[in-house]
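Chemist: The following block contains the structure, expressed as structure tokens.
The values are calculated or read from the model by the stated rules, or taken from the named source; none is laboratory data. Bear in mind the structure is a predicted one, so any value in this text is a computation, not a measurement. No Cβ is skipped: glycine too gets one built from the backbone with ideal geometry, and neighbour counts run over all protein chains shown. Quick note on the areas: whole protein, heavy atoms, side chains included, nothing else; ligands and nucleic acids left out. Shrake-Rupley method; radii C 1.70, N 1.55, O 1.52, S 1.80 Å.
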2 protein chains.
Amino acid sequence: MAEQISDGDAPRSSPGRPSCCGEAEHPLTDRELAADIRTLAAVGNETRYEALRLIAEAEDGACGCELEPALGVSQGAVSQALSRLYAAGLLARRKDGRWRYYSVTPRAERLLDVLDETRSHDDD
Amino acid sequence: MAEQISDGDAPRSSPGRPSCCGEAEHPLTDRELAADIRTLAAVGNETRYEALRLIAEAEDGACGCELEPALGVSQGAVSQALSRLYAAGLLARRKDGRWRYYSVTPRAERLLDVLDETRSHDDD
DNA sequence: CACTAATATTAGCGTACTCTAATATAGGGG
DNA sequence: CCCCTATATTAGAGTACGCTAATATTAGTG
């Protein structure tokens, strides 16, 4: 895609420059990157983050109908939120009669722990 | 608007119901919740997450100009990304001449560690 | 077998997000 | 002093997001 369009005389950086502006790399594959972002984007939303916190507090998991009043959004929105958290690997679920019980995965648990342990209180 | 138009005898849930649909609560204040979401939403984006990973790999921090080619977005976008990560408490920064060097905070470091340690590989 | 409750799915609307391009600020160097 | 590099800021455009409302599906219950 035609990088370096101009001719050779354009001095983008003199040879005597400091160590700045070299190459930078990280060790993640595209799949790992995508998985991480899916996870983070899933919790980076008020409704979903609160849902995750509520489920983490419940002993044996929680069903959608428990969360609906606390979250203050419609039933459809709760269902969408839980599905997305599940797809992101943050919730496990089991069917029991006409209810579906959600519980947090180890990944979610550790994520919440880190947030609790590193939260800055003069932050605002 | 006109919820429950019918009379009061409507049995919304029989008395013998299981423990479902009670109250749910979590122990976070509004400020803590907002801070967490600001943090999570900041990393839940490809450009910013990759920037954070790149900076975490660099030994003594990285400046914006190092990241720009790797991130593949404009200079303005890089600056916006770094500012937002900084505001979210995930980056520290120091001025050095005409450069500004960014490094990850403990909060960011631990967040990345958890993602590495709990990432599922059959996830797709 | 209706009836009801819990959940899932879909369309559509309003908003927030993220980029580019342009411009402004700040700090060296010839 | 002018120029060049690194960074910050802003407006605007295109897109993605998150909700509601409506409807479909699934599973108990009288």
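Chemist: Show me the ranking of peptides B:67-75, A:37-45 by mean Cβ neighbours inside 10 Å, starting with the highest.
Modeler: Per-residue Cβ counts within 10 Å, averaged per peptide and sorted highest first, yield A:37-45, B:67-75.
Chemist: Okay, moving on. May I ask you to find the residues of the range A:72-99 that are shielded by at least 40 Å² of accessible area once the whole protein assembly is considered instead of their isolated chain (probe 1.4 Å)?
Modeler: Relative to the lone chain, where solvent access is computed with a 1.4 Å probe, the range A:72-99 loses at least 40 Å² at A:Trp99.
Chemist: Ballpark to the nearest 100 Å², how much total accessible area do B and A bury together, probe 1.4 Å?
Modeler: On the way: alone 9750 and 9700 Å², together 14780 Å².
Result for this pair: about 4700 Å² buried.
Chemist: Further question on the same structure: Which whole number gives the average, over all residues in B:56-62, of C-beta atoms from other chains lying within 10 Å of the residue C-beta? All intermediate terms of the calculation are to be shown ahead of the outcome.
Modeler: Details: counts 1, 5, 4, 0, 1, 0, 4.
Rounded to a whole number, the mean comes out at 2.
Chemist: Of the heavy-atom accessible surface of the range A:30-118 (probe 1.4 angstrom), what whole percent is carbon and sulfur?
Modeler: It is 42 percent, rounded to a whole number.
Chemist: A follow-up question, please. Between the DSSP loop rule and a limit of at most 16 other Cβ atoms within 10 Å, which GluC sites (Glu not before Pro) in the range B:22-124 are left?
Modeler: Loop-located and lightly packed - B:Glu23, B:Glu25, B:Glu59.
Chemist: Starting from the amide H of A:Ala92, placed 1.01 Å from N in the peptide plane, find each other amide H under 5 Å away whose residue is 5 or more places distant or on another chain.
Modeler: Hits under the 5 Å cutoff: A:Ser103, A:Val104, A:Thr105.
Chemist: Related question: On average, how many beta carbons from a partner chain sit within 10 Å of the beta carbon of a residue in B:109-118?
Modeler: That average works out to 6.
Chemist: Let me ask something additional. Compute the length gained on full extension between A:Tyr86 and A:His121: take 0.36 nm times their separation in residues and subtract their Cα-Cα distance, giving the result in nm to one decimal.
Modeler: That works out to 9.6 nm of additional length.
Chemist: From zero outward in steps of 10 Å, how is the percent of C-alpha pairs of the range B:30-118 spread across the bins?
Modeler: 17, 53, 26, 4
Chemist: Per-residue Cβ counts within 10 Å, from other chains only, averaged over A:46-53: what number is that?
Modeler: Counting other chains' Cβ atoms within 10 Å and averaging over A:46-53 gives 4.
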